[in-house]
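For reference, the structure is listed below as structure tokens.
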Amino acid sequence: MRTRKPLRPATVAKNVGAVLLALVFVFPVYWMFSSALKPNSEILTKDPVFVFTPTLDNFSKATGVTNFWTYVTNSLVVTVGAVLLALLVALAASFAIARMKFKGRKGLVLGVMMAQMAPWEVMVIAMYMIMRDAEMLNSLAVLTAIYFAMVLPFTIWTLRGFIAAVPVTLEEAAQIDGCTRGQAFRKVIFPLLAPGLMSTSLFGFITAWNEFAMVLILNKDKTAQTLPLWLTQFKTAFGNDWGATMAASSIFAIPVLVIFIFLQRKAVGGMTSGAVKG
């Protein structure tokens, strides 16, 4: 029988440190969800309340806001639309950058990096003036195009790395077997890109889902606004309604958590299935 080796003090210290660090990051999430289930009288107390009787009143207030389902629909439309467009364009662009030699290739890569580093908030005023003069304010299509432009550089840069990591010999072998370059990409390279597609989709979804400044300036009409602006509506004459705010924040965070769990599992499955198909 194999004997278990005793844990070293350094290993124990690392494990304890990792657990404490995890608790530091998890506690704010726990506090948000727990505050959403507390009565308002138990939220603003001198001493923290950890044992309480849960209530759904805060969630009723949060979802009872006028145009709530309009906010939900708008957020889903612009977020999913921007992510899908970014993936479609980035696949072609990243393949060209990673596999093809053409004039201006280094300049294109540098441009993608600069676009990724540029803060989009500094362009809000210029975008507002352009959209105002073009009479394109309060448009979900324009907002989707802006979010698409925001997530595209990171998507191209990340997918470029995944494509470059796939051996060129796999693509050449497929072409020797009779595949065209497009067929080699679709049948050999694309299945191996599942982890990259999942990770970039997740990043793009979070970026577009959380974006606040653009929709605040460009979409003043409530029927064209998204969920980040819905989070700002829980103020009363006596101050913030923290119970409703925490409930709204919990509802806002749930789709991201669900998609993260789903894509994380699919990314591992896509990596193994892609390796088998290769």
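The values are calculated or read from the model by the stated rules, or taken from the named source; none is laboratory data. As the structure is a computational prediction, the values presented were derived from the model and not from experiment. As a convention, Cβ positions derive from the backbone with ideal geometry for all residues, glycine included, and neighbour counts pool all protein chains shown. These area figures cover heavy atoms from the full protein model, side chains too; ligands, DNA and RNA do not enter into them. Shrake-Rupley method; radii C 1.70, N 1.55, O 1.52, S 1.80 Å.
Data overview
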quantity: Sole exception among (1) out of contact with any helix residue (DSSP H, G or I) (no Cβ under 8 Å at 6 or more places or on another chain); (2) closer than 30 Å to Glu172 by Cα for Val122, by number; calculated: (2)
quantity: Which numbered condition Gln233 fails, given (1) in a helix (DSSP H, G or I); (2) surrounded by fewer than 22 Cβ atoms within 10 Å (Cβ to Cβ); calculated: (1)
quantity: Near pairs, Cβ below 8 angstrom, 6+ apart or cross-chain, from the range 153-176 (touching a residue at least 24 places away in the same chain (Cβ under 8 Å)) to any residue that is buried (at least 18 other Cβ atoms within 10 Å of the Cβ) and acidic (Asp, Glu); calculated: none
quantity: Selection count where residues are assigned to a loop (DSSP other than H, G, I, E, B) and either touching a helix residue (DSSP H, G or I) at 6+ places or on another chain (Cβ under 7 Å) or over 19 Å from Ile254 (Cα atoms) (or both), scope the range 28-74; calculated: 16
quantity: Residue that is surrounded by the most Cβ atoms within 10 Å (Cβ to Cβ) [pool: residues in the range 51-102 that are free of Cβ contacts under 8 Å to residues at least 12 places away in the same chain and closer than 18 Å to Arg160 by Cβ]; calculated: Ala96
quantity: Cross-chain or 6+ apart pairs with Cβ under 7 Å, the range 219-239 first and within 15 Å of Ala208 (Cα to Cα), then acidic (Asp, Glu) and surrounded by 11 or more Cβ atoms within 10 Å (Cβ to Cβ); calculated: Pro228/Glu211
quantity: Boolean, Leu193 is touching a residue at least 12 places away in the same chain (Cβ under 8 Å) and either surrounded by 20 or more Cβ atoms within 10 Å (Cβ to Cβ) or of a type in the set (Gly, Ala, Ser) (or both); calculated: yes
quantity: Considering residues of the range 103-124 that are in contact (Cβ under 8 Å) with a residue 12 or more places away in the chain and under 21 Å from Asn219 (Cα atoms) only, the residue least open to solvent (accessible area, probe 1.4 Å); calculated: Val124
quantity: Residues being within 17 Å of Ala92 (Cβ to Cβ) and either surrounded by 14 or more Cβ atoms within 10 Å (Cβ to Cβ) or not small (Gly, Ala, Ser) (or both) - total across the range 165-190; calculated: 12
quantity: Residue check, Pro228 surrounded by fewer than 19 Cβ atoms within 10 Å (Cβ to Cβ) and closer than 29 Å to Asn40 by Cα; calculated: yes
